[in-house]
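Visitor: This is the structure I want to talk about, given as structure tokens.
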Amino acid sequence: MSSCEVIVPSAPVPLVSVVIPTRARPEVLQRAVRSSLGQTLELVEVIVVIDGDDPKTIVALELLQHDMRLRIVALPQSVGAAEARNVGVRAARSEWIAFLDDDDEWLPRKLEVQLACALTAQAPLPVVCSAYLGRSSSGDELLGRRARSPGELISEYMFCRHGFSYGENAIATSVLFVPRALMLSVPFDPGLKRHQDWDWALRAFDTPGTALYHVAEPLSLYTMPDGSGSMSGHNDWQYSLNWCIERKRFFTPRAMSFFIATECISRAGQANAGFGKIMTLLRDYWREGQPTWRSAALAASYLILSKRLRRFLLTFRP
């Protein structure tokens, strides 16, 4: 296959365009594509953006090309996952975009439920998210279970935890259901190596007319990172600190303290960053944010508690 997209001109205009960026993971990709083609909402197009030269993925997708709803955009060079998603959005024919990471999958009613929610939304630019299941070797865990409270600012919804556990909010790439018009005006930042979905959400919800809608039913299966090579498991706390300070205008002070506690102090502790760097982070935690007892408890748990006890606290729900 040449470096171009395969388009079926006779295919009807879809109700939803699914965008899946991928690179060198053909086995898991097939599962993701099948879950998007197997939706109860059948009038969809599935756009797989192959991020650079990747013959094995091309071969894997040929097994699924009997379905005319599958489109392939093969990029000659890697541009990264964020820009690959942007490429898929620009190629889409529907007014609605749903994103799916290549190692995740959807439950069958995902698009049907989210489209129904979006079509009845009163906001001009509705973003529909949902609860989802985090899948790991120890089983499935319900994530994204908390809806945004009325009047709650987006940064506090995303980062200010009500408890010690991860995954309270529903901002995750594979649950996003978004108007294409919003994605064209607020694309993913291709320069970021981490926090791409959070970065997009902070900027998108700063756009007039954008509102978040939450579906309580879990609609996606998220593959939990094991920390072995995934960017999610990377201990680059300095990168996270620089990112949140650069995006400071989108954070409330409380949200900033929570972010530094959970994404910077925690990673610095995992990386054994040393006393001086930890003290610098604690200074930023106080100076850049507005600490609360919850964020302070989280910061302390990463610095003084054993890994076993910390793991218990992170999974504890009062």
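A short reminder: the numbers here are calculations on the coordinates, not readings from a lab. Small disclaimer: the values here were computed from a predicted structure and weren't measured. Note that each Cβ is placed from the backbone with ideal geometry, even for glycine, and that neighbours are counted across all protein chains shown.
Visitor: In the chain, what is the count of Lys pairs whose alpha carbons are under 30 Å apart, counting only pairs at least 8 residues apart or on separate chains? Kindly include the intermediate steps, with their values, before the conclusion.
Guide: Details: Lys56/Lys110; Lys56/Lys193; Lys110/Lys193; Lys193/Lys248; Lys193/Lys277; Lys193/Lys307; Lys248/Lys277; Lys277/Lys307.
Qualifying lysine pairs in the chain: 8.
Visitor: What's the long-distance tail for segment 235-315, i.e. % of Cα pairs beyond 21 Å? Please report the intermediate quantities before stating the final value.
Guide: On the way: 692 of 3240 pairs.
Pairs farther apart than 21 Å: 21 percent.
Visitor: Rounding to the nearest 20 debye, state how big the charge dipole of segment 1-133 is about its Cα centre with +1 on each Lys and Arg Cβ and -1 on each Asp and Glu Cβ. Kindly include the intermediate steps, with their values, before the conclusion.
Guide: Working: 12 positive and 17 negative charges, 41 e Å.
My answer is approximately 200 debye.
Visitor: At q = 0.11, 0.13 Å⁻¹, what is the log10 ratio I(q)/I(0) for the chain, with the Debye formula run over Cα points and no solvent?
Guide: Here log10 of I(q) over I(0) equals -0.70, -0.97.
Visitor: If you restrict to DSSP beta bridges whose two residues both lie in the chain, what percentage is antiparallel, to the nearest 5?
Guide: On the way: 13 of 38 bridges.
Of all bridge pairs located within the chain, approximately 35 percent are antiparallel.
Visitor: May I pose another question? Explain nothing, just the number: dipole magnitude of segment 235-315 about its Cα centre with +1 on each Lys and Arg Cβ and -1 on each Asp and Glu Cβ, in debye rounded to the nearest 20.
Guide: Numbers: 13 positive and 5 negative charges, 44 e Å.
That gives segment 235-315 a dipole magnitude of about 220 debye.
Visitor: Can you tell me the relative contact order of the chain? Whole percent, Cα pairs under 8 Å, sequence separation 6 or more.
Guide: On the way: 593 pairs, mean separation 56.1, N = 318.
So the answer I get is 18 percent.
Visitor: Shifting gears a bit: How much length is gained on full extension from Trp293 to Asp206, taking 0.36 nm per residue of separation minus their Cα-Cα distance?
Guide: Working: separation 87, 0.36 × 87 = 31.32 nm, distance 2.80 nm.
Length difference between fully extended and current span is 28.5 nm.
Visitor: What per residue convex hull volume, in Å³, do the alpha-carbon atoms of segment 69-175 yield? Walk me through the intermediate numbers first.
Guide: On the way: hull volume 16.8 nm³, N = 107.
Taking the convex hull of the Cα positions in segment 69-175, it is 157 Å³ per residue.
Visitor: Shifting gears a bit: With +1 on each Lys and Arg Cβ and -1 on each Asp and Glu Cβ, and nothing else charged, work out how big the dipole of the chain is about its Cα centre, in Debye to the nearest 20. Spell out each step's value before the answer.
Guide: Details: 35 positive and 33 negative charges, 232 e Å.
Roughly 1120 debye for the chain.
Visitor: What is the distance, in nm, between label points placed 7 Å from the Cα along the Cα-to-Cβ direction at Gln77 and at Ala181?
Guide: Taking the simple label geometry, Gln77 and Ala181 are separated by 3.5 nm.
Visitor: Just to verify a number: FRET efficiency for Arg25 and Lys193, C-beta to C-beta distance, R0 = 25 Å, to 0.05?
Guide: Taking R0 as 25 Å, the efficiency between Arg25 and Lys193 is 0.90.
Visitor: For the pair Leu37 and Leu303, how long in nm is the line joining their label points, each one 7 Å along Cα→Cβ?
Guide: In this crude spin-label approximation the distance works out to 5.3 nm.
Visitor: Please give, to one decimal in nm, the separation of the simple spin-label points placed at Lys56 and Ala116, each 7 Å out from Cα toward the Cβ.
Guide: Computed distance between label sites Lys56 and Ala116 equals 4.0 nm.
Visitor: Sticking with this one: May I ask for log10 I(q)/I(0) of segment 175-303 at q = 0.09, 0.10, 0.12, 0.16 Å⁻¹, from a Debye sum over the Cα atoms as equal point scatterers with solvent left out?
Guide: Normalising to I(0) and taking log10 leaves -0.31, -0.38, -0.55, -0.94.
Visitor: Here's another thing I want to ask about it. Among Thr252, Val128, Leu184, which residue has its Cα furthest toward the positive end of the charge dipole of the chain, with +1 on Lys/Arg Cβ and -1 on Asp/Glu Cβ?
Guide: So the residue we want is Thr252.
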